[in-house]
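The values are calculated or read from the model by the stated rules, or taken from the named source; none is laboratory data. Everything numeric here is computed off the predicted structure, so don't read it as measured data. In this analysis, Cβ positions are derived from the backbone assuming ideal geometry, glycine residues included, and neighbour counts consider all displayed protein chains. Surface accessibility is based on the protein's heavy atoms, side chains included, excluding ligands, DNA and RNA. Shrake-Rupley method; radii C 1.70, N 1.55, O 1.52, S 1.80 Å.
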Amino acid sequence: MQYSGDVHGYLQERVPELLDRLSEWIRIPSVAGVPERAHNLVRSANWLAAELRDTGFPTVEVWPSDNSAAVCAQWCGAPGAPTVLIYSHHDVRAVKDGNWDQTAPFAPVRRGGRLYGRGSSDAKGQIMAHLWGIRAHLAATGRTAPAGNLKFIVEGEEESGPGQLAGLLEANRQRLAADIVLFSDTLLWRADHPAICTSVRGMVEAELEIYGPLRDIHSGAASGPAPNPVFEHSRLLAQLHDAKGRITLPGFYDSIEGMSARRQAELAALPF
């Protein structure tokens, strides 16, 4: 039966239910990188899998990996429509008790229009926003399937560094094929101004070894002419950027396209 209101009306009426569901998920301490918490990462993945099935996704799978689990879901019932792959993660960072002096990290509390609890904004809240957006879309349109084709990949190792995700993506390349990837673990300009992030900064890892004297030398007698590895290291790092902040590595910008006039205008038009 079609819901008589619009998408926003549907969601406004169900905010308490949405927060109850999110709070239940936050109570699962899905801390990444801590072996004794590994079972909670699996619990968290299975909780999300159940929520996806309850939303209507006909294909939902939990993909186990070392001490963790990823969740894959598909709802492709719109032939000819674009396919969107939504990426996120359900693991959370380890807790420092000293940073939680007003609330407990896995006992969510509502205060001042916000929900405080580990994972509420990074990134369980974003995932729930996607799911409830789909529910609202179906209710407001009366459709039995989304107007586009949707795929989810929600991993459980984002906070602990490189894990099994690359292997999972390679092994399931065809199943995860999509026209666009929506990376939901990003930020808003402010609470009342939703945003879609169209690009993110990358990162290059490198290991650098600097060789110096084989033993300690007298700071007064030889520290001037003998190179100090700490100083040379600092000098090298300082030379990676010029006075304007541009990277100085030769050829770094050769394959990078400049910002278009349209994008410059879009950024200039933002009220921030």
Check: How big is the charge dipole of the chain about its Cα centre, in debye rounded to the nearest 20, if each Lys and Arg gets +1 on its Cβ and each Asp and Glu gets -1 on its Cβ?
Finding: 640 debye
Next item on the list: Using a 10 angstrom cutoff on alpha carbons, build the Gaussian network for the chain and name the most mobile of 57, 152, 231.
Entry: 231
Check: So what is the calculated 222 nm ellipticity per residue for the chain, using -39500 (n - 2.57) for each DSSP H run with n of 4 or more, over all residues, to the nearest 500 deg cm²/dmol?
Finding: -9000 deg cm²/dmol
Checklist line | Difference of contour (0.36 nm per residue) and Cα-Cα distance, residue 195 to residue 20 | finding: 60.5 nm
Notebook entry, point to check: Straight-line reach from residue 96: which lysines have a Cα under 26 Å away, not including same-chain ones fewer than 8 places off?
Noted result: 124
Notebook entry, point to check: What is segment 173-272's relative contact order, in percent, from Cα pairs under 8 angstrom and six or more apart in sequence?
Noted result: 14 percent
Notebook entry, point to check: Cα axis of helix 124-141 to longest principal axis of the chain: angle in degrees, 0 to 90, nearest 10?
Noted result: 30 degrees
Check: So for 211, 87, what's the accessible-area order with a 1.4 Å probe, most first?
Finding: 211, 87
Notebook entry, point to check: Hey, what did the chain get for relative contact order, percent, Cα under 8 Å, at least 6 apart?
Noted result: 21 percent
Next item on the list: Under 10 Å from the Cβ of residue 92, count the other residues' Cβ atoms, weight Lys and Arg +1, Asp and Glu -1, and hand me the total.
Entry: 0
Next item on the list: Leaving ligands, DNA and RNA out of it, report the carbon-plus-sulfur percent of the accessible area of segment 1-83 at a 1.4 Å probe.
Entry: 51 percent
Note to self: Give me a comma-separated list of calculated 3J(HN,Hα) values for segment 161-169, in order, Karplus coefficients 6.51, -1.76, 1.60 applied at θ = phi - 60°, integers in Hz, x for any Gly or Pro.
What the structure shows: x, x, x, 9, 4, 4, x, 5, 5
Notebook entry, point to check: Quick one: which of 241-252, 39-50, 198-209 comes out on top by average Cβ neighbours within 10 Å, and what's the full order, highest first?
Noted result: 39-50, 241-252, 198-209
Checklist line | Point-charge dipole on Cβ atoms (K/R +1, D/E -1) for segment 154-234, about Cα centre, debye to 20 | finding: 180 debye
Notebook entry, point to check: In Å and whole numbers, how far do the C-alpha atoms of the chain stretch along each principal axis, longest first?
Noted result: 87, 50, 43
Notebook entry, point to check: Using the heavy atoms of the protein chains alone and a 1.4 angstrom probe, what is the accessible area of the chain per residue in square angstrom?
Noted result: 65 Å²
Checklist line | Share of pairwise Cα separations in segment 130-193, more than 17 Å, in percent | finding: 60 percent
Notebook entry, point to check: Quick one: what do you get for segment 54-157 if you divide its Cα Rg by 2.2 N^0.38 Å?
Noted result: 1.29
